[in-house]
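Visitor: Before I ask anything, let me first share the structure, which is written out below as structure tokens.
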Amino acid sequence: MKLCISGSMTFIDEIEKLSTELNALGHQVLVPSRGTEPHLAERLAQGDRRQRKAIFVNDHLEKIRVSDAVIIANFEKDGVPGYIGTSSLLEAAMAYALGKQLFVLNEPGVDDIEDDLSPLGAIQLNGDHRLIAPTVR
């Protein structure tokens with residue numbers, strides 16, 4: 001299955017580790033860009049802060065568009081277990097609008113976020129990414 005991982009950039013190391021594990025299970029995985037990729041590096045160098053942010057956002061939204069499913073990788077941040085930020089919530093909504101399957105790696109640490117994700121059909125993985133079958137549903 002072609003998966004796109006979304007999550008706070010604070011978790012980029014954990015996201016890349018998760019990507020490696022999912023690839024080993026037979027998935028094709030897309031992750032947020034660090035900005036060092038050749039297709040982004042020159043564009044990022046030329047823009048101001050707001051333009052650079054837009055480049056990252058558009059790059060990641062394209063990854064969601066071409067994926068079969070999106071995983072919200074939510075780890076503990078600032079004492080909040082299962083942290084899901086604004087950008088991840090928006091990416092989850094986009095996945096839903098595009099008809100993509102949506103997974104949440106860990107239980108959200110804030111009840112109203114869980115209430116927001118539930119109507120989107122988000123499947124809770126309870127920390128076990130192996131629950132995602134490697135073939136398209």
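The values are calculated or read from the model by the stated rules, or taken from the named source; none is laboratory data. Please read these numbers as outputs of a predicted model, since none were measured by experiment. With ideal geometry, Cβ positions are generated from the backbone for all residues, glycine too; neighbour counts draw on all protein chains shown. Ligands, DNA and RNA are excluded from the accessible area calculation, which covers all protein heavy atoms including side chains. Shrake-Rupley method; radii C 1.70, N 1.55, O 1.52, S 1.80 Å.
Visitor: Are any residues in the range 1-24 touching a residue at least 60 places away in the same chain (Cβ under 8 Å), more than 10 Å from the chain's Cα centre (by Cα) and surrounded by 15 or more Cβ atoms within 10 Å (Cβ to Cβ), and if so, which ones?
Guide: Initially, the range 1-24 is screened for residues touching a residue at least 60 places away in the same chain (Cβ under 8 Å), giving 1-8, 10-11, 14, 18, 21-22.
Filter once more, so that each one left must be more than 10 Å from the chain's Cα centre (by Cα): 1-2, 10-11, 14, 18, 21-22.
Correct list: Met1, Phe11, Glu14, Leu18, Leu22.
Visitor: Among the residues of the range 107-126, write down those that are open to solvent by less than 40 Å² (accessible area, probe 1.4 Å) and either within 19 Å of Glu21 (Cα to Cα) or of a type in the set (A, V, I, L, M) (or both).
Guide: Correct list: Ile113, Leu117, Leu120, Ala122, Leu125.
Visitor: Another question, then. Being of a type in the set (D, E, K, R) and more than 14 Å from the chain's Cα centre (by Cα) is the filter here, so list the residues in the range 85-137 that pass it.
Guide: Correct list: Glu107, Asp111, Asp112, Glu114, Asp115, Asp116, Asp128, Arg130, Arg137.
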